[in-house]
Structure formats: structure tokens, C-alpha cells
């Protein structure tokens, strides 16, 4: 608003800037991303503490200030999705949460598939790949990572069985994820090196060495482990075809493979701010309202049959820039983004609830910070 | 001012137009654009994509083969002419094979798997004489097999003919497979379409010395010859192979009975300019004092080439006349020594030559598509069959003669026994599998006529079927034949041609092209005469070229003249549209040459067009409705005269409107759909008309290398190499061609979300940055399958290889882990390098007699196991194992080895716009930018790819696909499709984008994944269909330290497959010399290559040897060891010395102290 009415005034005639406060145009640059029709400008955060020192403004990060101003407002929360506002935080921090959510939060996913029989058209490794991508509904915090020389045990491995057969003479069937059957006692396949049991009482060694059944653990006793969705297509079987396999799920992180990512995706956007630079009235207002595909603008009656455009739903702006397209619409409307207000969305794959995911992410960031501090001290 | 004037002129124009339109709309019948697109699928349904091959082959099987047999139907003994064998009828049976005396029916897929030839027996009915000497009886025999004819898939004799999808699936065949190829010994072979200059037509052009010449390549069943008449130094000569030198043309005319010069001049035309041009030739003839036919023949007799061994006395008379009758212009028949038609033909040739001399425009263009003929499998096979059939009959006659010539014959003579059926079977099979057409009878030696069908991708297969290979060799540096000819419009694809040496020579057929087959001439001749053609015989020379009369020429044969050519042509065309004559007969009125050309020969390219009367399309909406309702078919359109086929020549008489809207008064035809000018490969490109043209050409080449699905039966095929995509998709932005050819069912690519931006610096030079999570989720994942084969051989002495149980314990057990108890690798096992996949043993003695060959002791066998030699560290899987018996009844075991690969840095990808690039780096998803909606790109492409390539089509594809995913509707981008609605307009796409909250220009507001802040530019982002090409790093990367060496030179081997070294070549060596890095050269060229220690005699300079027993060095020339020095030498150098010595050259070394 201010930058238009800057007539040429000698520097010394400029009014004194009140110390301790930034002039409006600088304040705008500092706090808003300006989305012009050709490119977004002022996207960067000014981090240098002395950036505005000449104007007596301290730009350093102050914990107290942050603590006072930081807010989280949950907008929607369902079992899988969450949208919340994170206000008063830096883009780098918001991004850190996003990155941690995608790549560093562990989940359980099928990593090893022991195929006993597969006569379907789908190749073994493709089948295994598909199984790996099936999201499992299990809290990964209850498990440990399995390192290279660990033996699979009840603490680090979940075993599923899948045995599906299409009888001869019947029509084709689909193998869905609900046929993945949890084996709380571990693998049922005996090791190939194992000799046929001499002693019938001793259990033959299998591919896992569980000390106890997983369903005896309190966490799983009423809450059997299984895929999050029951209708994920794994394979199709023709008459006479059969799949028999065992799938071993372990704990892992999204940066190793996308199957361990607990989120379908997690992202944020900055809060849109739509400003009418001038009063828009009459037909032009109607035109503006019609222009916007997501109905950001509304019409307000200001009496005497005159109509004025107002910004009704800035939050729904998708930045299609229709409202500043053509003629000199950009003189009337300004699209901006608030730099420290993030609309964060988490789409969970189902292992954990999104709000849990976020708190976990915060914990991980905390750990990282602590690690840095301990390394430094 | 200028502007104003223009404006007003424009206004006037507009007003005028407006008025005109008004008037027209009142007077003319109502025009409405009828959507004719539905014709296309209908056309392809009745025709298939490779109809040209099928038609040609069917014609051969149905007609041509009968003609050939009828023409050579009699074998008569020379010894006893009363003994004969006559072929009554010939037909082709069902594809089958005789195994152990039992006839077993074949399916193509069985042949592919079992390495058999898909062939059907050729049955003949014969009538022959049996008995000896006195008692001879005529006997008949039906269905005698004379050989086996390889059968083209989907032809009329193929088991797949007319089968529906389900039946095809039961045969193990892909319903989308076009057919049109043969299966020879298990490999699929296609006979390429050959392009040739048309036969039996006069072609006027210039030779190297710029002399005008008229040439005719005559081709009849009996003879093939080339006649050239050339104007040299103002005189006209005839060039014919049978004459030793050129012959003055007037001499020839006189020899053919045209003794009067005046008549010749009259025949050519009375225009004084023509006479003037002919005068020197006439004078020339007079100078030689040749005035009569007898004298002319005498003269020609001297010029006749003497045959090396001929009966000089008998041959002497009439040799020249014989040549003139049978070889000179062989396409003009001479009946009862009536040379008049031939004289007229020569006169017409001369006249055309003179026209060309006077007016350069009258010259013929050799590259003009109307002067070309396409030779297809049917024609080529008929040549081959004719030759083989004749050879077989000759052989039979010879054996009969030798037997009959024997004085005493005891047994009953049965002539039918002497038909040997193997020669035809073997001949056909060998020719088809090698591709070498060696037909001595027709002096035909052509190589590379067949190729193995490219099964890399479905599109590659289709493209291979439509490929037209050129007549001349590729090395010629002429631009003419390579250039795009305007007459190729609609017939040959303007985009699809290879780069490099074959550029422009190898072409591809367009989508709607049809190639004609031969049609009977006789009915056409009589029809012409009854339509008012004046017979040639009844015309004087003078009348021939009368004004207002046109010559009527049928397939290069002058029938006569007609006084009202246009009327004649119209009448003929009407008859054709009514279906009274063949639909592919072309009638072409050539105003310039004052001729009407009628063509019914095979090999002409033609295409269907909608007929319009005075600019109004004959196809109305109700026709299309009937088509949609299934009442009508494409053929009924043809039958009702709504559509007709035009060949390149007749197109010259037509005024073809692109769309119904731009049809004018004189418009005679309307295109069905403009995008049909493109071929199959170019049809995949969305918005090709927005691209720079070479980009479309590049894509045509790359589409054939893209991985995807190759056929529905891809998993049951046992090809040597198959590339498959794990999750192929159909493109979001399709074209009509894609739907027509079935690319949407057998796609070769994936829709990737592309962000056009620079990222990380690993995207220079067209490299692309890929998202690791996308790869994790299956993007670009592919399966490579390779075939390995093993044969359990049977030997002549009755012994045979054996496959035995693997050892489960002991030294070899580890390498035999994947073997089943039957000694073969089990399907599903992971196979690593050095693993044994077949535990085979061979007998030590394979020749000579052995006692009890079947029960040999174990000691008589030596292991001959086969091990898997793959790249180290790569784990592949045994996919399938198949057992079959090969031709020699050996057990043949085939293994398919499968390897699934995810994309890695260096793998090659390409969009559909000739924009290839390798994967530059793979980036974690969290590092990649994301949009306001959380969309993360699958790959990032550098914007520098756009300005110089100008692939605007790619940008529109991105917009269109983005609109497609947001609106849930496949968008279209057919070539030239905007006016007809087969391509979405950018404006409409933009509107859709805006409606779904995107910017109209496709650019999104993006956050950096690394800093989390917004990027300072809007990023052009959306889905683009990307193809993974078969070039993968894994197959190419190569490095070696020490390794195998070549035996003879002891230098490292060459090439990746032999684990060879990387050569320091001449140029690299030059660099090192210039740099002065002598020690490096020494090290590279000797130490690391082939160092060898030699003993050199300082005295004689020759190489000596080192005696290890006595520990002394010795010179074998000097017979002592006094002056021996030891030095290092490249082994190749030592080898050279010895080889030179073997050639009596003595290289001597002179040693000095260094």
C-alpha cells in the first residue's frame, strides 16, 4: 500500500522512522511473500540478527518472543488426516518437521518375503515389492530395529502368512491385503538346513526365533496386527494358480525406502493473504468474484445498491493468480503469503495417528538438538 | 495510410464474403461437418494394421500360386513323350507338421516355442501315366504334397484367421498382434516392403552427362529387360544389353518395318520442332545407306552380342529380329510379327523425350511416389516359388529321363514318385530365414530381405511391419531420394525415418495406406474399347497425336486413343464407384502428356478418401449413424460409392479438401482425418504439429526402444531378450492413433509428474533428477528376461548326453544349489554368476562304435555343465524352463532368466517428444520441492531442454495431462486435431486448470524441500508420459584391471562381453607423445599390455632363446650364446618379427646402450 505513494522526497525531508519499529514496506517484505503475476518475491527469511540494526530493530531470535507468539491450531483431525496451523515459527523449522515426518519416523513394513510357492503371473520380486508397500497397522514404537546380525525375534519382526489358491474350474480371484494373516508365533517355515525332526517334542528351527507369542504381549492381545486397508490388491490368480508365502515386517525409516514412510505425504503451505489495494466496486467487483475459481472474494452491499468486493475466504486461495491476471488487476489485488503462518497437513498411512506422528516428529527433532548440544559441549 | 487502406480492403473483403456466404447458403445444399472419425476404427477393423502384407500374401496363396502352377503344369519325358505328369490344381492346406508319421496341427505360438516352422502343406492334384512300355494308364491322384509353404500369421491360411479374442487367447496368441510375419524355425521373420521404380512405364530423365533419355524397365512373366533410348549429340540411340553398342533409333524403327521416314515423323507428330530434332538421326541412318528392313536387320545383326556357346549357324538368322521381338520393350506383346504396337510405343517414347528436351518441365521425377511400386511378401514369394517349382519339375524330368533311358526296367514305372517335395520346403525356409533372395532364373540376388521382428516394444513391432526399405544402396550421396516428396502426403509418414545413413530412404507407411495387388487386365481392356477407345491397330500415325485426342494407356500398354478423355475417365470412375471394376483401379488423366493412364497393377500405394460432389461430401450424418449402429461397415461405404481409394497419380486429378468446411465448388474429395498422414510411430506423439519436425523424427526412433508391454502373451514367449516394464501405464494425454493401434492397452511408459526447473546441478545436458520415493514405489522398474538354451545331444554312435541328479554334498554342491532333482534349474530359484543351471554330462566317445550305447558306465561320461555367466553381484531369477525337441529330435532345454531392475543413475529416459536424457541423480523425496497441494515431482527436467528444441508439444502435453488428472478425463492431442476436436485446445485446457484451482499457464507456487521457503519462481509442473529406454547402465558399464588376453598377441581382449581392456588408441597416444609423458606411454603400451622378454643377438640382430636347462641364452642363427642381450619387447612386436621372417623378410634389431 505504501510503496505506491512515495513521491520523490529528498532523503533528509523523509519523516523520521520511529526507532524500534520497521517502516511498513520493510515490515511487509520481512513478513510476507509477495506473489506477483510473474514470480513470487521476498520469499526468503531474513535471519541475520543485525539486518535492521540501523533502524534500531533487533532481528535476533528471542526464545521468549517465540514462546509467546507460537501457536498451534488444529483445523481438522481424522483418523488418517490432520490439518493444523502452526503460527509464529520459521520456515526452516516447519520444514524440519515435514522432513522428519517423511523420512525419519520409523514404521513397520514388510521387508523379507519367503516365497514357498508362487505360480501366479506376478513375478516373485514384484509380488514382494507390492507386499512391502502395504501399510501395516501397528505401532512401531513397540518394536526395535533389527540390525544386521540380529536374529528375528518377537521384538523386531512381525510375520505374516499369505496362502491363496484359485481352484481349478473356478473363475479368477483377487488376492487382497486382508489375506495377509498375522503369525504371532513367528515363522512356520523350517530352515532348509534343518534335518527332519528327530525329536518330535522339540520345535524345529524356523526362520524366526520367537521367545514368546506376540499376542501374549499386552499391547497386541486385543489388537491383532494386520494391514491398515483390507482391500489392497496384491495379485490376481487364475484357475489352478497358488501363492504361498511368509512376509516378515521389520522396523525401518522412510529414508531407506518409501515403504517405511509413515505419511502418504506431509506438507505445509503458508497462509494466503489476499489484499484489495483499492476499493473494487460495481461490475468490476462482480468480475473479480467470478474470476476466482475457489471463491475467495465475496460481494458486500454498502448501501444505495452499490456493491463492493471483499475478501471472504483468503484461506482457500490456491494461488492460481486468476485475480491478478490481465489488464492492471495487480494494481487492485495483491496476493501474499504470511511467512510465519503454516497450514500443515499430515496424511498418515495408518500406522500411527497423525497427531501422534507430529509429536513423534517433535521428539526426534528434540533428540537431534540434544545430540548437537552434547556434541558441541 | 497503408494500414488504413488494408483495413478498408479487409472490411470490403469481409462484406463481400458475408454476402457470398449468404448467397451460397440460400442456393447450396446445407453443409454440415459430419464427424467422419468413426470411419477410421472401422477401416482398421476390416483392414488391420498390416493389411498390405496380408493382402499380398493372400493374393499369392489364392491366385498367384495357381497361375504359376498352371503355367508350368506339364512334365513330359524327353525320352518317351507319352509319359507325362500334369498338375491339375494346387491348394494350401492347414498349417501342420508330420511327427513320426502323424500329422499334427500347428499354432504359431507352438512354433515359436518349439523352434518349428509355421508352414502348411502345398497340395496338388495330378494326372499322370503309369505302367511300362506297352500298358500305359492314366491315373489321377489327389492331394499330393509337393512341399511346405511358410504361412504368414493372420493370412487366410493361418489358423488365427477370423478368430476372436478369446479363441486367440486359447491359441496363446495376443489379439493385438498384427500378424503379417512368418515363423521360421521359431524366429519371427518379416519380409520388408521393398520400394522400386515402377515397371513397364516410360520414365524420362537425364543421365550423368545431362543427356535426355527415356527408359523402360520391362517385366513380364517371361522376360525382364531394360530399354533405354537416349539423345546423344543430337542423335538418338537405343541402348540395350543384348547389343554390343548403341544403335541408332531409326535403324531400329526400320528393322521393325517402319521403312518410311515420313511415317516415323508422322507418328511422332507433325510439329516441325520434333521433326527438326529427329532429322540428325534420320540423316545418320541414310549415311549408313540403310533404307529397308532387311538392311536394318543386317546392320543390327553385327551389333548383336555373341553368345559364348551357341550354334552360330542356326542362330544367325533372325537373332536381331528375335531380340527386337522378345527383349526390346518386352512389355509390348508382338503377335504374329506385327511390330506396329512396338513402333508406336517407340514413337511415343521419342515424342515424350522431345517434349522433355524442348521443355524441361516434362521430365519425370524418379522420386515421385506415383513412379514407385512397393514390392511385398506375396510378390517376392511368388518369384521364389516359381523358381523352386520349376527347378523341382526339371529335376523330376531329369530323373524320369535317366530311368526311362535305362534299357531294362523291371518295376512298374510310377512318375508321381519322382516329385521331390523337400526342395521347395527347404528352399522357402532357407530363403526366409536368411533373407537372401537368390533367384537365378530372374537374375535376382538381393540380401537382407527379411528381418527378425523387433519385439522390443509393441510399437516397434508395428513400426517394423510398416517399414519400407529403399531400392538403392544407402551409401549414395544424393539428396533427392532422401527429401520429403509432396506426393508422399497421406501415403508415407513424413516423420518416421531413421537418422543417419538411411535417413529419408527408409520410410514408413501412413496409417491409412493400402498397397494394391495385381488385378486382371483383360476385362479392363475390353471395357475400355467398349467405352469408345479407338484401337491402336486401326489408327494411322498421323491420327495418333491429333489434337483433342488422348492416348489411353493401361499399365504401360497403349490401348488406343479417345476423343473425349474426360468423359471416358468419368465413366470409368463411375464404374469403379459402382463396384463394376476393382476399387483399386486408378484412372488418371494427364493433361500435359495428353494421356489417360489406367493402372491396375500391384504395388501402388493408395488411400481412401471421401467423395464429394461439387464440394459437398457424400457422407451424411445418417450414414455415420448407421455406422455407429453397426448397420454399415467400411466396405458398404466403399460399395455405395461414398468413399474410394485414390492412388498417387489419380490424386493429381482430384481437389482434396482437408475438412468439409473448406470444400469449394471444385472439390472432388475430402480427407477422412488429417492425422492419418502420420504413421503408427508418429501417431503416439501428442501435439506433433506443435513440435519442431526433427523432434518427431527422433521420437519415432525412440518409441521403438521404449520398454513396456510387448504383447499379451509376453510372459509365455521365449524370446532371446525381452524388456518389460513392471507397471506400464497408458498416457494421460492420448491421441486417436494410440487408441486405434492399441497403445493404450500395451503401453510403454509411465505418467511422471515433471517439474521443469533446475535442481542440484546434476541435471545438465538433458540429465533428469529423479525422486527416490517414486522409484521405491515402482516408477521405471523393469524386467529384463534373457534366454539360455542347452541341447541334450544325441551322437551318431547311439550315445547321447545325459542330465543327471545334482550332487547335494561335496565340492560342487554349492554351485548346484538351484538345481532340481532332474538336473535342471528350478523356476523361481535365484541364480548367481557361476551357478550351474544344467547338470549335463557328455559321453567321452561320440564317434565310432560303442558297446551298449545306452548303458554306458559313469566313467564314460565327462561333465559338460553349463554355468550362468552374468555380471558379478547381479542376482537374477530362473523364470521358466521349457523342454522341447528340436529338428534333429534332440532334447532342447530353454531357460528364461529374469532380472528386475529399478532405475539407477545413468539409465536413459525419454518423453514422447524426442527429448531423451539420462538419470543424473536420485534425490530423497523430502529434498524435492513440493507444491501448495503437497504434490512432489517424480522427476525434474532442466528448462534448458526447451529453447533450442522447441518442443512446444511437450509443454501442451504437460498442461493437457494436468487438466486430465484434475478433471478425471483423458485428454487428446492428435495431430492437427484442434479443428476436428481430436485435440484439446490450449484455451480449453487452461480453463479446466483454472477451474480446478491451478494457474492457467500450468505454473505452480512451489516450496523448496531443502530450505522450506517458497521458490522465487513459479514452476511449470504437471504429468508427462515418460518412456524408459532399453539403454541401461547395468548393460553398459565396464571396467577392468587385469583380465583375459588374446591368445595370439597376448594383448588384453577387446569389448565388454569379453571383459576386455580399455584401449589407449592412436589419438590418445598422440596426446601423450605431445605432452612428453613417455613413461606413461611405455607403461600403457607395453608393461600393462603384452610385455615379453626376448634374447637378442647383438651380432646378427635376430631373436634367440633361453635354454632353461642349461640356464644359458643362445642365438640359433649364430649357433652360440656370446652376444646375447636380454630385453623387453611387446609380444605383438616379437610376433611381427616372426611373421615377417616367415615371409622372407629379416628384421634385425640394432641394440645400443641407453
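The values are calculated or read from the model by the stated rules, or taken from the named source; none is laboratory data. Predicted model only: the values in this text are computed from it and were never measured. Using ideal geometry, Cβ is built from the backbone for each residue, glycine included, and neighbour counts are taken over all protein chains shown.
For segment B:924-935, the tally of residues that are buried (at least 21 other Cβ atoms within 10 Å of the Cβ) and either at pLDDT 95 or above or touching a strand residue (DSSP E or B) at 6+ places or on another chain (Cβ under 7 Å) (or both) stands at 6.
Scan segment B:576-585 for residues that are touching a helix residue (DSSP H, G or I) at 6+ places or on another chain (Cβ under 8 Å) and modelled with pLDDT under 90 and the total you get is 4.
Is at least one residue of segment B:1039-1060 within 14 Å of chain A (Cβ to nearest Cβ) and assigned to a loop (DSSP other than H, G, I, E, B)? Within segment B:1039-1060, not a single residue is within 14 Å of chain A (Cβ to nearest Cβ) and assigned to a loop (DSSP other than H, G, I, E, B). If only residues of segment B:534-566 that are free of Cβ contacts under 8 Å to residues at least 24 places away in the same chain and assigned to a helix (DSSP H, G or I) are counted, the one that is nearest to the chain's Cα centre (by Cα) is B:566.
Residues in segment B:917-948 that are in contact with a helix residue (DSSP H, G or I) (Cβ under 6 Å, 6 or more places away or on another chain) and over 15 Å from residue B:1019 (Cα atoms) were compared, and the one that is farthest from the other protein chains (Cβ to nearest Cβ) is B:922.
Candidates in segment B:401-418 are the residues that are modelled with pLDDT of 75 or more and under 24 Å from residue B:389 (Cβ atoms); of these, the one that is surrounded by the fewest Cβ atoms within 10 Å (Cβ to Cβ) is B:402.
Highlighted here would be helices (runs of 4 or more DSSP H) found entirely within segment B:593-678 that include at least 3 residues which are outside the structural domain of residue B:581 (by TED's automatic domain parsing), over 32 Å from the mean Cα position of the chain (by Cα) and surrounded by fewer than 17 Cβ atoms within 10 Å (Cβ to Cβ), but there are none. Candidates are the residues of segment A:120-138 that are in a loop (DSSP other than H, G, I, E, B) and more than 9 Å from chain B (Cβ to nearest Cβ); the one that is surrounded by the most Cβ atoms within 10 Å (Cβ to Cβ) is A:138. In this structure, is residue B:349 touching a helix residue (DSSP H, G or I) at 6+ places or on another chain (Cβ under 7 Å) and closer than 22 Å to residue B:554 by Cα? The answer is no for residue B:349. Each residue in segment A:86-101 was checked for being within 9 Å of another protein chain (Cβ to nearest Cβ) and touching a strand residue (DSSP E or B) at 6+ places or on another chain (Cβ under 6 Å), and 3 pass.
Let's see how each residue does on (1) in contact (Cβ under 8 Å) with a residue 12 or more places away in the chain; (2) buried (at least 23 other Cβ atoms within 10 Å of the Cβ); (3) over 30 Å from the mean Cα position of the chain (by Cα); (4) within 14 Å of another protein chain (Cβ to nearest Cβ):
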{"position": "B:694", "(1), (2), (3), (4)": "yes, no, no, no"}
{"position": "B:707", "(1), (2), (3), (4)": "yes, yes, no, no"}
{"position": "B:766", "(1), (2), (3), (4)": "yes, no, yes, no"}
{"position": "B:770", "(1), (2), (3), (4)": "yes, yes, yes, yes"}
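Within segment A:47-61, at least one residue is within 14 Å of chain B (Cβ to nearest Cβ) and modelled with pLDDT under 85.
For every residue, the table says whether it meets (1) more than 12 Å from chain B (Cβ to nearest Cβ); (2) part of a loop (DSSP other than H, G, I, E, B).
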| residue | (1), (2) |
| --- | --- |
| A:287 | yes, no |
| A:293 | no, yes |
| A:305 | yes, yes |
| A:309 | yes, no |
| A:322 | no, yes |
| A:343 | no, no |
| A:359 | yes, no |
| A:365 | yes, no |
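Listed conditions (1) within 14 Å of chain A (Cβ to nearest Cβ); (2) loosely packed, with under 15 Cβ neighbours inside 10 Å; (3) part of a strand (DSSP E or B) are all met by residue B:877, apart from (2).
Here's a check for you: in segment A:52-64, which residue that is part of a helix (DSSP H, G or I) and surrounded by 12 or more Cβ atoms within 10 Å (Cβ to Cβ) is nearest to the chain's Cα centre (by Cα)? Among those that are part of a helix (DSSP H, G or I) and surrounded by 12 or more Cβ atoms within 10 Å (Cβ to Cβ), it is A:53.
Results for (1) in contact (Cβ under 8 Å) with a residue 12 or more places away in the chain; (2) touching a strand residue (DSSP E or B) at 6+ places or on another chain (Cβ under 6 Å), shown as yes or no for each residue.
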site	(1), (2)
B:943	yes, yes
B:960	yes, yes
B:975	yes, no
B:987	no, no
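Hey, any hits in segment B:740-763 for a residue that's within 14 Å of chain A (Cβ to nearest Cβ) and within 39 Å of the chain's Cα centre (by Cα)? The answer is yes; a qualifying residue exists. Among the residues examined, residue A:73 qualifies as over 21 Å from residue A:319 (Cβ atoms), part of a strand (DSSP E or B) and away from every other protein chain (no Cβ under 14 Å). Do we find that residue B:173 is in a loop (DSSP other than H, G, I, E, B) and in contact (Cβ under 8 Å) with a residue 12 or more places away in the chain in this structure? So residue B:173 fits the description; yes. Of the residues making up segment B:989-1032, just one is out of contact with any strand residue (DSSP E or B) (no Cβ under 9 Å at 6 or more places or on another chain), free of Cβ contacts under 8 Å to residues at least 24 places away in the same chain and more than 8 Å from chain A (Cβ to nearest Cβ), namely B:991.
With respect to the conditions (1) part of a strand (DSSP E or B); (2) closer than 30 Å to residue A:355 by Cα, residue A:246 falls short on a single one, namely (2).
Out of everything in segment A:105-119 that is under 13 Å from residue A:159 (Cβ atoms) and in contact with a helix residue (DSSP H, G or I) (Cβ under 9 Å, 6 or more places away or on another chain), what residue ends up being surrounded by the fewest Cβ atoms within 10 Å (Cβ to Cβ)? In this case the residue turns out to be A:112.
Residues checked against (1) within 28 Å of the chain's Cα centre (by Cα); (2) modelled with pLDDT under 90:
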site: B:143; (1), (2): no, yes
site: B:152; (1), (2): yes, no
site: B:203; (1), (2): yes, yes
site: B:209; (1), (2): no, yes
site: B:214; (1), (2): no, yes
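Looking at B:3, B:69, just one residue is modelled with pLDDT under 85 and either exposed (fewer than 15 other Cβ atoms within 10 Å of the Cβ) or assigned to a helix (DSSP H, G or I) (or both), and that residue is B:3. Across segment B:821-852, the qualifying residues are those that are within 14 Å of chain A (Cβ to nearest Cβ) and either in a loop (DSSP other than H, G, I, E, B) or modelled with pLDDT under 90 (or both), and the one among them that is nearest to residue B:865 (Cα to Cα) is B:826. Tell me, yes or no, whether segment A:74-85 has at least one residue that is without any contact (Cβ under 8 Å) to a residue 40 or more places away in the chain, touching a strand residue (DSSP E or B) at 6+ places or on another chain (Cβ under 8 Å) and under 25 Å from residue A:362 (Cα atoms). The answer is yes; a qualifying residue exists.
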